[in-house]
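We did not get these values from a lab; they are worked out from the coordinates using the rules stated. Values in this document were obtained by computation on a predicted structure and should not be read as measured data. A quick note on method: Cβ atoms are made from the backbone with ideal geometry, for glycine too, and the neighbour counts reach across all protein chains shown.
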Amino acid sequence: MAEVTSLLLLGAFSGFIAGLLGVGGGLIMVPVLLYLLAGQVDQAILMHTAVGTALAAIVFTSLSSVRAHHQQGAIHWHYFKKLTPTILLGAFCGALLTQLMSFDFMRLFFAIFELIAATILFFGLSSSRHIDYLVNWVWRLTGYIIGLISAIVGIGGGTMTTPFLTYNNVNIKNAIATSAAVGLPIAIAGALGFVVAGLNIESGASSLGFIHTQALISIVLMSVVFAPLGAKVAHRADGKKLKKFFALFLAFLGISVLVF
């Protein structure tokens, strides 16, 4: 019962943060699932299961978050369309690549990525040119890299999409909203990849590939309720403070995974 309660609380908190910051919630879900599933899942596939389950949950969280941001008219759908094709390819490839990665490598990769993204966002590094001047190959390469890394570390891509957009002078609130939309195709492709990657591995009766179905259901029940609340708060918050909070949040998560 305590475990179910913990998963429900995880769903509520990750859903709220997903709506608030335009992330999928995997940044929160992966570290917590590592702890909650440690006694149920073999250590060799624990990180894979945490990441796969987080990506599957992000599919549902993103749908709820995107709907709320779209109602605010904050999503730049033309940027979404430019990133999505290669994001799908990158996310599926990233999920399949995790079969070749150890628990410690994935954990270290996740933590280092978090700290780099936090540094870029906190210090407000930005380009001298606007995003509309970027050439097509940059969009394609960026989309592939976002999808690839997102699937490997189990996130919706907001921690890369948001810094990418803000670096190229997109308003933080529009960047967050657009990142929320971008997270949906990443989660779908990544979750599918983790199902396929884990089909031939014995991971337990309650699992589909590398996705822990019991944990997934508990998280989703609450995350879809709290994601719209987070989105509403994001559009009422001060943009500069929101940006700093996002950066500190990423740094905290990166350090927490390093010391796991």
Distance (nanometres) between label positions extended 7 Å along Cα→Cβ at ASP42 and LYS81: 4.7
Selected from THR142, ILE120, GLY73, residue furthest toward positive end of dipole (the chain; charges at beta carbon): GLY73
The chain - percent relative contact order, Cα under 8 Å, separation 6 or more: 39
Charge dipole of the range 2-258 about the Cα centre (unit charges at C-beta), most positive-ward option of LEU36, ALA191, SER179: SER179
Hits among aspartates and glutamates - C-alpha to C-alpha of LYS241 under 20 Å, sequence gap 8 or more where chains match: GLU114
Distant-in-sequence amide H partners of SER207 (H built 1.01 Å from N, under 5 Å): THR213
Cβ-Cβ FRET estimate between THR213 and LEU9, R0 fixed at 30 Å, reported to 0.05: 0.95
Residue-by-residue Karplus 3J(HN,Hα) for the range 190-196, coefficients 6.51, -1.76, 1.60, Hz, glycine and proline x: x, 4, 4, x, 6, 5, 5
Residue-averaged 222 nm ellipticity for the chain, from DSSP H runs of 4+ at -39500 (n - 2.57), nearest 500: -26500 deg cm²/dmol
The chain: most fluctuating residue of ALA215, ALA57, ALA91 per GNM, C-alpha cutoff 10 Å: ALA215
Identified option (computed Cα Rg over 2.2 N^0.38 Å; candidates (1) 1.14; (2) 0.92; (3) 1.05): (2)
Neighbourhood net charge (12 Å Cβ-Cβ; Lys/Arg +1, Asp/Glu -1) for GLN72: +4
19 Å Cα-Cα reach of LYS243 towards lysines, excluding residues that sit fewer than 8 places from it in its own chain: LYS173, LYS232
Charge dipole magnitude, Cβ of K and R +1, D and E -1 - the range 2-258, Cα centre, debye nearest 20: 980
